[in-house]
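The values are calculated or read from the model by the stated rules, or taken from the named source; none is laboratory data. These numbers were taken from a predicted model, which means no experiment stands behind them. Glycine also receives a Cβ, built like all others from the backbone with ideal geometry; neighbour counts cover every protein chain displayed. Quick note on the areas: whole protein, heavy atoms, side chains included, nothing else; ligands and nucleic acids left out. Shrake-Rupley method; radii C 1.70, N 1.55, O 1.52, S 1.80 Å.
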Amino acid sequence: MPEPRPHLGEPPALDLLNTRWIAQTGPQDLLTDVAGARQWLADNDLDVPADEDTLDALIAARDAILRVVKADSADDPHIADDLNAVLAHGRIRRALTAAGPADVPEVADPAWLPAWLAADNLLHLLASSPERIKQCAHPHCVLWFLDTSKNGTRRWHSMAACGNRAKATRHYAKKTQSEQSAG
């Protein structure tokens with residue numbers, strides 16, 4: 001199945017958010033069926049069987065992650081409840097392996113492993129650089145990205161897509177306004 005999504009390569013928590021996007025034909029959602037869940041698992045190198053339970057867990061995690069990244073925690077003290085409910089499905093066990101010390105995820109129900117990993121990834125992002133978790137600034141884009149620019153001022157998920165569209169729109173508006181002023 002060819003990749004339908006316009007933006008890949010973000011950390012798992014943000015990549016899960018990016019399973020929804022706006023196309024020329026309207027809003028799209030990769031997670032409408034098990035095939036979409038299978039695609040997301042493959043995109044994130046997760047060797048987990050895709051089934052209805054995995055799909056439901058991914059949707060629950062996506063919704064919880066979205067509420068956390070969009071919210072101001074001062075607005076709602078319960079904003080983390082749904083994310084914590086996803087995280088309650090697993091834990092990290094410290095272990096010594098042949099490769100050295102390791103953090104090993106333990107999730108009782110394998111269907112919850114991908115969702116749990118995405119929620120856990122969000123915790124790491126929030127701990128290291130919460131101000132770098134951004135939604136694309138284009139008014140018709142719903143995609144998310146981790147701003148890895150040197151000064152942290154990136155505005156668009158893709159300069160080639162949304163950045164250029166925004167600049168072209170501003171240029172056209174400015175040109176039209178100056179033509180109307182001159183006329």
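Data for the structure
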{"quantity": "Sequence-separation-based contact order of the chain, relative, with Cα cut under 8 Å and 6+ spacing, percent", "calculated": "21"}
{"quantity": "Heavy-atom accessible surface of the chain: percent carbon and sulfur, 1.4 Å", "calculated": "54"}
{"quantity": "1.4 Å probe accessible area per residue over the chain, in Å²", "calculated": "59"}
{"quantity": "Listed values (1) 53, 37, 34; (2) 49, 40, 29; (3) 74, 36, 36, entry calculated as Cα extents along the principal axes in Å", "calculated": "(3)"}
{"quantity": "Distance (nanometres) between label positions extended 7 Å along Cα→Cβ at His124 and Thr25", "calculated": "3.5"}
{"quantity": "Structure-based [θ]222 nm, the chain - -39500 (n - 2.57) summed over DSSP H runs of at least 4, per residue, nearest 500", "calculated": "-13500 deg cm²/dmol"}
{"quantity": "Dipole magnitude of the chain about its Cα centre (Cβ charges: Lys, Arg +1; Asp, Glu -1), debye to nearest 20", "calculated": "1320"}
{"quantity": "Under Karplus coefficients 6.51, -1.76 and 1.60, residue-wise ³J(HN,Hα) of region 24-30 in Hz, glycine/proline x", "calculated": "4, 8, x, x, 10, 9, 5"}
{"quantity": "Cβ-isolated cysteines (cut-off 4.7 Å), the chain", "calculated": "Cys162"}
{"quantity": "Asp109-Val142 FRET efficiency (beta carbon distance; Förster radius 30 Å; 0.05 resolution)", "calculated": "0.50"}
{"quantity": "Net length gained if the chain between Ile79 and Asp56 were fully extended (0.36 nm per residue, minus Cα distance)", "calculated": "6.3 nm"}
